[in-house]
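J.: Mind looking over this structure? Questions follow.
The values are calculated or read from the model by the stated rules, or taken from the named source; none is laboratory data. Keep in mind that this is a model prediction, so the values were computed, not measured. We place every Cβ from the backbone using ideal geometry, glycine too, and count neighbours over all the protein chains shown. Keep in mind that these areas ignore ligands, DNA and RNA; they rest on the heavy atoms of the full protein, side chains included. Shrake-Rupley method; radii C 1.70, N 1.55, O 1.52, S 1.80 Å.
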Amino acid sequence: MQTSIQQMAVGLSGSKYDGVVMHLAMRLAQQTAASIDAYLIRPVPDDPQLLMASGFLGQTFQDFVAQAEKTIAEFDRTARTSFEMAEKDFPTVTARYHNPLKDLAREFATAVWATDLAVMAHPALVNLHYYKTAVLDAIADSARPVLLLPEDKRIGDFKHALMVWRADTQHARALASALPMLHLAQTVTLLSVNDEDYLSPCNDVALQYLQNHHIDALDLVLPTDERLTPKLINAICDEREASLLIIGGGLQSDLIDSFVTGIGRRAAKKPTRPILAIG
C-alpha cells in the first residue's frame, strides 16, 4: 500500500521494548512501502541516570567514563539485536541502524526532519530522563507525528483511529499531520465537545477536510458542559474499540501532558493503546 509515509525514524532505547517497537515499525513500513532509519537513543557518559545504571560508587571520573561506555555498548547491543531480528522477519523492508554519537552526530529530533513519522516506545515504559527528553524533543521539534507504543499486548492493528478535535489552529495543523495514519484506518472517529460560540458545529470544518481527502469519519460530539479528560477519552476509546488515539495541540496541550509528557503531573501511567502525538 503506497501512502505519504515514505520514510520512518525509529527511536530505540536499548531496552526490552525495542523488539516490540522494531516489529511494529517494520510491519507498518511493509504496509506503506516505506523505509526505516533506526537510531539508538543514548545518553552522554555523565548523565546522572547512566551513572546509577553503571553502578558508579565514587571511583575516578576516568573509570566512570569507561564503565559508562560499557553500559552504552550494552544498550547498543540490545537495540542492534532487536533491529537485526526485525530485519529477518521483514526482509523486503529497507532499514538502516544508527548509533548516533558513533556514526551520525545528530539529535534524534532533527533526524526525524528527513522522515514522515517517528516511532518510539512510550516514555512511561522507559523510565530514563534522557529518553523522556528525546520523546519530548521529537514531539516539540521534529515537526512530525510521533507514534508512541505501549506494551506488546496492548498494540492493536490501527483499524480504528480516534482523534480528539478542538477548533483551533494547532488542531487544524494536527489534522493535516495525522492524514497518513488516518488513511490506514478502516474507521475514523472525530471526538469533540460542542462549542456554542460557533454558529455551526465547530467540527464541521474538520469533517469536511477529511472528506476532501476521502476519509469518512464518525462524528462524536459531547455536550457543552462535558470536559475531555484522559479518563473519559480512554473510556470512549475502550467502548468504541479504538486501536489508535491521536492527540495534538502542541507540547503544552493538557492532553499531551496527561497522556505523554507529564510536564505538570509527571505522568507515569502506562498507555492502554498506541498514541499518535502531534506537537
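J.: Percent of accessible area on the stretch 73-168 owned by carbon and sulfur, 1.4 Å probe?
T.: 49
J.: For the stretch 118-206, give the magnitude of the charge dipole about the Cα centre (Cβ charges: +1 Lys/Arg, -1 Asp/Glu; no others), in debye to the nearest 20.
T.: The calculated dipole for the stretch 118-206 is roughly 360 debye.
J.: Can you list the residues, at least 5 places off or on another chain, whose amide H is less than 5 Å from the amide H of Ile246, using H built in the peptide plane?
T.: Amide H neighbours of Ile246: Leu162, Met163, Val164, Leu276.
J.: Assuming 0.36 nm per residue, please report the length gained on full extension of the stretch Thr224 to Gln7 beyond their Cα-Cα distance.
T.: Using 0.36 nm per residue and subtracting the Cα-Cα distance, I get 74.1 nm.
J.: Out of residues 5 or more away from Asp116 or on other chains, whose amide H comes under 5 Å of its own, with H placed 1.01 Å from N in the peptide plane?
T.: Gln6, Gln7, Met8, Ala9
J.: Starting from one equal scatterer on each C-alpha and no solvent at all, send me the Debye-based log10 I(q)/I(0) for the stretch 135-279 at q = 0.19, 0.21, 0.22 Å⁻¹, two decimals.
T.: -1.20, -1.49, -1.64
J.: Charges at C-beta only: +1 for Lys and Arg, -1 for Asp and Glu. How large is the resulting dipole of the stretch 91-153 about its Cα centre, in Debye rounded to 20?
T.: Once rounded to the nearest 20, the dipole reads 100 debye.
J.: Tell me the per residue accessible area of the stretch 91-173 using a 1.4 Å probe; a whole number in Å² is fine.
T.: 45
J.: Provide the packing ranking of 160-166, 229-235, 117-123, 255-261, i.e. peptides ordered by the mean count of other C-beta atoms within 10 Å per residue, highest first.
T.: 117-123, 160-166, 255-261, 229-235
J.: Can you list the residues, at least 5 places off or on another chain, whose amide H is less than 5 Å from the amide H of Ala121, using H built in the peptide plane?
T.: Leu149
J.: Obtain the nm distance between the two label points defined at Ala235 and Arg96 by a simple spin-label model: each point lies 7 Å from its Cα along the Cα-to-C-beta direction.
T.: Distance between label points: 4.9 nm.
J.: Quick one: ranking His129, His183, His98 by accessible area, 1.4 Å probe, largest first, what do you get?
T.: In descending accessible area the options line up as His129, His183, His98.
J.: Using only C-alpha atoms and all pairs of different ones, pull out the Kirkwood radius for the stretch 74-178 in Å with one decimal.
T.: 15.9
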